[in-house]
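Beneath this line is the structure, given in structure tokens, with notes to follow.
The values are calculated or read from the model by the stated rules, or taken from the named source; none is laboratory data. Predicted, not measured: the structure shown is a model, and the values here were computed from it. Here the Cβ positions follow ideal geometry from the backbone for every residue, glycine too, while neighbour counts run over all protein chains shown.
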Amino acid sequence: MNPTPNDSDAPSSPVLDRESLRPDCGNCFALCCTALGFSRTADFAVDKPAGTPCRNLASDFSCTIHDSLRPRGFRGCTVFDCFGAGQHVSRNLFRGISWREEPATAGEMFPVFTIARQLHEMLWYLVEAGTRTFDPETGQRADHLRTVIEAALADTASVLSLDVGDLQARVRSVLLGVSEEVRSSYFATGDDHLDGALVPGADLMGRNLRSRSLCGADLRGAYLIAADLRDSDLSGTDLLGADLRNTRVHGADLSRALYLTQAQVNAAHGDASTLLPDDVGAPPHWCSTR
């Protein structure tokens, strides 16, 4: 593992926004379609072992069924987000030389991508933590961790030797601290907590939470599969790792929710009336049907 720089001499992280953490499939060697595996489920029509190309992958690394993934049974592909790790690994770490041009690189490229994706996801959350905290020291901790992650992403050896578990624990500590700060500022009380039902990891599958103020609730890791959140206010709600598959968010205010990702939004169902953060967009499959 690379030496960890001291807080006093660590340079300011260049990742101060999320532009570099968005996937650019045109500059990637389809790493999500090759390095990762999946099993036949409602999200994937077939089984695919990790480290093998998807049967729908074209020779130029594009998807031959990109415009019909959902009706063809590949909903999971429309939800996945590499947080920009794909293009970084393809163009920077492997200098634009694909696993097809040099097949021997696949044995290193695919594991590097798997780890790099986790690191890019941490960066996504740390950017938000740094901007949402009220404590300058916490902001400095978030900036320091971004710098540590970016240093590790500089070459493949650093990525593969990184103690990811230790880093995740350090990032998690910052994220939880910021979450407590932000949520407490909303003074959520009474009905908003639904008699203690709104807790981290809660099973809220199919729950009717329509038209409620959920401001400041801690739904970290909660199961909100097929829950009804239409017209609800989730300002200051911690959604870190929450499962939003088929969650109905039409008319909901998610614009100030904590730790919301594009993948979570892609998994949900909403429409033009759903309010989202500036750096998260409405997916193409959303429609006006409630």
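Inspection of segment 54-67 identifies at least one residue that is assigned to a helix (DSSP H, G or I) and either closer than 25 Å to Thr105 by Cβ or in the same structural domain as Cys28 (by TED's automatic domain parsing) (or both). Kindly indicate whether Gly86 is without any contact (Cβ under 8 Å) to a residue 24 or more places away in the chain, more than 20 Å from Leu260 (Cβ to Cβ), in contact with a helix residue (DSSP H, G or I) (Cβ under 9 Å, 6 or more places away or on another chain) and not hydrophobic (A, V, I, L, M, F, W, C). For Gly86, the condition - without any contact (Cβ under 8 Å) to a residue 24 or more places away in the chain, more than 20 Å from Leu260 (Cβ to Cβ), in contact with a helix residue (DSSP H, G or I) (Cβ under 9 Å, 6 or more places away or on another chain) and not hydrophobic (A, V, I, L, M, F, W, C) - is not met. Applying a threshold of 8 Å to beta carbon distances and a minimum spacing of six or more residues, or different chains, the list of pairs starting in segment 235-248 at a residue that is touching a residue at least 24 places away in the same chain (Cβ under 8 Å) and ending at one that is acidic (Asp, Glu) reads Ser235/Asp253; Thr237/Asp218; Asp238/Asp218; Arg248/Asp228. Scan segment 27-55 for residues that are surrounded by fewer than 19 Cβ atoms within 10 Å (Cβ to Cβ), in contact with a Cys (Cβ under 9 Å, 6 or more places away or on another chain) and either among the aliphatic types (A, V, I, L, M) or more than 28 Å from Ile225 (Cα to Cα) (or both) and the total you get is 2. Close Cβ contacts (under 8 Å, 6 or more residues apart or on different chains) running from residues in segment 130-150 that are within 22 Å of Arg183 (Cβ to Cβ) to residues that are of a type in the set (Val, Ile, Thr) and not in a helix (DSSP H, G or I) comprise Gly139/Thr133; Ala142/Thr133. Quickly run through segment 83-98 and pick out the residues that are crowded, with 23+ Cβ neighbours inside 10 Å and part of a helix (DSSP H, G or I). Within segment 83-98, Ala85, Gly86, His88, Val89, Ser90 meet the criteria. Please indicate, with yes or no, whether at least one residue in segment 221-230 is closer than 21 Å to Val127 by Cα and either touching a Ser or Thr at 6+ places or on another chain (Cβ under 8 Å) or free of Cβ contacts under 8 Å to residues at least 40 places away in the same chain (or both). Within segment 221-230, one or more residues are closer than 21 Å to Val127 by Cα and either touching a Ser or Thr at 6+ places or on another chain (Cβ under 8 Å) or free of Cβ contacts under 8 Å to residues at least 40 places away in the same chain (or both). Would you confirm whether or not segment 267-277 contains a residue that is crowded, with 20+ Cβ neighbours inside 10 Å, closer than 28 Å to Leu126 by Cβ and not small (Gly, Ala, Ser)? Scanning segment 267-277, I find at least one residue that is crowded, with 20+ Cβ neighbours inside 10 Å, closer than 28 Å to Leu126 by Cβ and not small (Gly, Ala, Ser), so the answer is yes. Return yes or no: is Ala106 under 20 Å from the mean Cα position of the chain (by Cα), closer than 30 Å to Ala151 by Cα and either surrounded by 15 or more Cβ atoms within 10 Å (Cβ to Cβ) or assigned by TED's automatic domain parsing to the domain that holds Ala242 (or both)? Here the answer is no, as Ala106 does not meet what is asked.
Residues in segment 63-82 that are exposed (fewer than 14 other Cβ atoms within 10 Å of the Cβ) and either of a type in the set (Phe, Trp, Tyr) or at pLDDT 95 or above (or both): Thr64 alone.
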